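Any read-out appearing in this document is the output of simple, stated calculations on the displayed coordinates, not a laboratory observation. Everything quoted here is computed from the prediction, not taken from an experiment. Note that each Cβ is placed from the backbone with ideal geometry, even for glycine, and that neighbours are counted across all protein chains shown.
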Amino acid sequence: MCGIVGVVGNRNATDILMQGLEKLEYRGYDSAGIYVVNGANNGRLIKSVGRIADLRAKIGIDVAGSTGIGHTRWATHGQATEENAHPHTSETGRFVLVHNGVIENYLQIKEVYLEGHTLKGQTDTEIAVHLIGQFVTDGLSVLEAFKKALNIIEGSYAFALVDSEEPDTIYVAKNKSPLLIGLGEGYNMVCSDAMAMIRETSEFMEIHDKELVILTKDSVTVSDYDGNVVERGSYTAELDLSDIGKGTYPYYMLKEIDEQPTVMRKLISTYADTDGNMNVDPEIVKTVQEADRIYILAAGTSYNAGFASKSMLEKLTDTPVELGVASEWGYNMPLLSKKPMFILLSQSGETADSRQVLVKANAAGIPSLTVTNVPGSTLSREATYTMLLHAGPEIAVASTKAYTAQVAALAFLAKAVGEANGKQEAIDFDLVHELSIVAQSIEATLSEKDAIAEKVQNLLSTTRNAFYIGRGNDYYVAMEASLKLKEISYIQCEGFAAGELKHGTISLIEEGTPVLGLISSSEVVAAHTRGNIQEVAARGAHVLTIVEEGLNKEGDDIIVNKVHPFLATIAMVIPTQLIAYFASLQRGLDVDKPRNLAKAVTVE
Ligand code: F6R
């Protein structure tokens with residue numbers, strides 16, 4: 001989390017930083033700041049609590065220069081105050097630093113190296129810039145001081161450092177936090193995410209962990225911490241400026257929900273040829289074939305997408321699938337099977353918890369596949385294989401299209417493996433056709449927005465808590481539905497296995513408690529879920545049903561067009577995304593930027 005942008009060269013740095021920060025705001029939005037410098041010792045540092053718009057309001061035309069660094073913060077150490085907002089300055093004010101990550105040994109550093117220093121705030125970052133400043137005071141060159149500090153600092157970081165006495169250079173380093181270089185004519189940039197630089201350039205260069213980069217307007221020098229220069233080529237990013245705008249939508253989330261039929265069709269054209277044959281990397285297929293167990297590791301919505309794909313994967317590949325919460329597995333790896341393979345599901349490809357699992361998997365020689373929306377992301381680079389989601393940038397903090405794209409991408413993998421194994425059910429499963437039907441089902445649900453908004457108004461506009469219930473795949477959808485509702489409407493919501501409610505949790509049901517029942521799957525399962533719905537209704541629950549066409553009965557609230565059972569989790573989740581969206585909107589909240597959250601969670 002936290003977003004960094006920096007530029008050096010022949011451009012208006014203030015404008016570039018502010019534009020960049022607006023694009024990075026999804027990474028953190030509790031405070032922000034920029035430092036812009038126009039010749040030696042002629043810099044301006046402006047910070048603000050709140051959103052980028054609050055920072056913008058403080059920036060006058062006098063804040064100008066050709067070098068600058070900026071930061072949007074998601075607080076880890078110290079509250080969201082102006083003192084804790086980045087950029088931070090060294091003791092003398094000479095050095096200015098922005099940082100994304102967590103410095104684990106910052107208290108020891110303070111104790112050992114910074115006696116007598118006056119710190120303005122509580123952040124780990126301020127300690128880092130004081131440390132660099134101290135080493136320069138002790139007689140080291142800036143580069144040597146930076147290197148020495150990097151060798152002492154433990155933890156995760158993406159740093160951009162400016163020396164106000166030599167402002168035509170930005171010093172950059174990274175470890176475990178995302179950062180990349182953008183290349184221009186007469187200027188160069190550094191940023192947490194290519195999206196924030198795409199207005200300026202489409203030419204990028206990766207930075208690997210524990211590399212240091214010296215950036216001037218017309219040179220980029222990459223080296224390791226021992227000073228060995230690393231030769232690295234650049235690549236052109238295929239990002240479209242229009243992909244990162246809201247267009248006529250009030251919120252990114254609504255735009256991204258609406259994009260899902262297009263994403264399904266894009267996945268069809270990517271992972272199948274025009275005759276409907278699977279177009280999945282044979283090496284990935286072989287790796288899955290050789291595994292005796294598939295482990296899916298992920299966080300949040302991506303974890304839920306893993307569950308939503310589990311039964312389809314098992315049925316088509318004949319391989320057991322186990323799910324793991326990445327933050328748990330990173331340090332508490334359970335006993336694995338003899339021939340495991342890991343699938344890392346991650347929209348951003350940057351989630352630190354998932355990366356920690358991958359580090360362990362790589363060390364153990366376990367083959368891995370990252371399924372991600374972001375080419376070149378850390379998880380993509382470090383896994384054995386990658387499958388891309390092709391969902392286009394997902395900017396709303398609440399993930400929607402990445403979830404459905406993950407399930408659909410895994411369907412292509414499952415079918416390809418099943419076919420390679422000669423499994424008849426996989427051969428007969430016409431995925432291209434079935435996914436087109438899913439796209440149509442999504443479109444049909446999207447056309448019901450007004451009716452859904454009205455039901456939400458009656459059910460969720462004032463409640464403090466709610467339940468989603470379902471069985472089998474509907475339970476897995478309930479998990480995601482409740483996460484989505486929680487994160488953007490602040491309603492305390494649980495996704496529950498419908499049959500499990502009566503074993504304890506039903507005691508929470510009281511007059512008016514909203515219970516949203518999900519019903520797809522078979523007649524028998526549907527009948528059981530309906531039974532559970534009756535049980536809560538009898539205790540005063542305010543019930544809303546979301547039912548697959550064919551299983552619907554009079555009085556049901558939302559009917560979802562029928563799709564193939566393997567893909568039902570995609571169709572069934574769509575109304576729940578809209579429910580969360582409308583609940584947030586009706587409660588007057590910021591749909592795209594819910595409190596306390598950030599999009600790419602790059603700290604453990
Ligand atoms: C919720 C949400 C998060 C992410 C989680 C993992 O809407 O977006 O729960 O799913 O932080 O992120 P990725 O998928 O980028 O690894």
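Observations
- With the gyration tensor restricted to C-alpha atoms of the chain, the semi-axes of the equivalent ellipsoid amount to 45, 27, 22 Å, longest first.
- Of the DSSP H helices in the chain, those with a Cα length along their own long axis of 27 Å or more and a mean Kyte-Doolittle hydropathy reaching 1.0 comprise 568-586.
- Listed pairs LYS266/LYS553; LYS176/LYS286; LYS176/LYS486; LYS147/LYS401; LYS23/LYS339 exceeding 32 Å between Cα atoms: LYS266/LYS553; LYS147/LYS401; LYS23/LYS339
- Separation of alpha-carbon centers, region 1-78 and region 85-123, rounded to whole Å: 19
- Dipole moment magnitude, nearest 20 debye, the chain about Cα centre, only Lys, Arg, Asp, Glu C-beta charged: 740
- Label-to-label distance, GLU83 versus LYS562, with points set 7 angstrom from Cα along the beta-carbon direction: 6.6 nm.
- Inter-centroid distance (Cα atoms) of region 419-449 relative to region 538-604, Å: 20
- Taking the Cα centre of region 448-590 as origin and assigning +1 to Lys and Arg Cβ atoms and -1 to Asp and Glu Cβ atoms, the resulting dipole is close to 200 debye.
- Chain lengthening between GLU511 and GLN586 when straightened (0.36 nm per residue, less Cα-Cα): 24.8 nm
- Loop-located GluC sites (Glu not before Pro) in region 179-218 (DSSP state not H, G, I, E or B) with no more than 13 neighbouring Cβ atoms inside 10 Å: GLU185.
- Added length on full extension, which subtracts the Cα-Cα distance from 0.36 nm per residue, ASP243 to SER447: 71.2 nm
- Each of GLY555, ALA160, LEU335 was placed along the dipole of the chain (beta-carbon charges, centred on the mean Cα), and the one lying farthest toward the positive end is GLY555.
- Shown here for region 1-95: trypsin sites (Lys or Arg not before Pro) in loop regions (DSSP other than H, G, I, E, B) with at most 16 other Cβ atoms within 10 Å, namely LYS58.
- Members of LYS455/LYS484; LYS310/LYS502; LYS255/LYS593; LYS310/LYS599; LYS310/LYS415 lying beyond 22 Å, as alpha-carbon distances in this model show: LYS310/LYS502; LYS310/LYS599
- Projecting label points 7 angstrom from Cα along Cα→Cβ for LYS58 and VAL112 puts them 3.4 nm apart.
- Length available on full extension from GLU203 to SER223: 0.36 nm per residue minus the Cα-Cα distance, which gives 5.2 nm.
- Approximate spin-label separation ASN458-GLU154, in nm, with each point projected 7 Å along Cα-to-Cβ: 5.9
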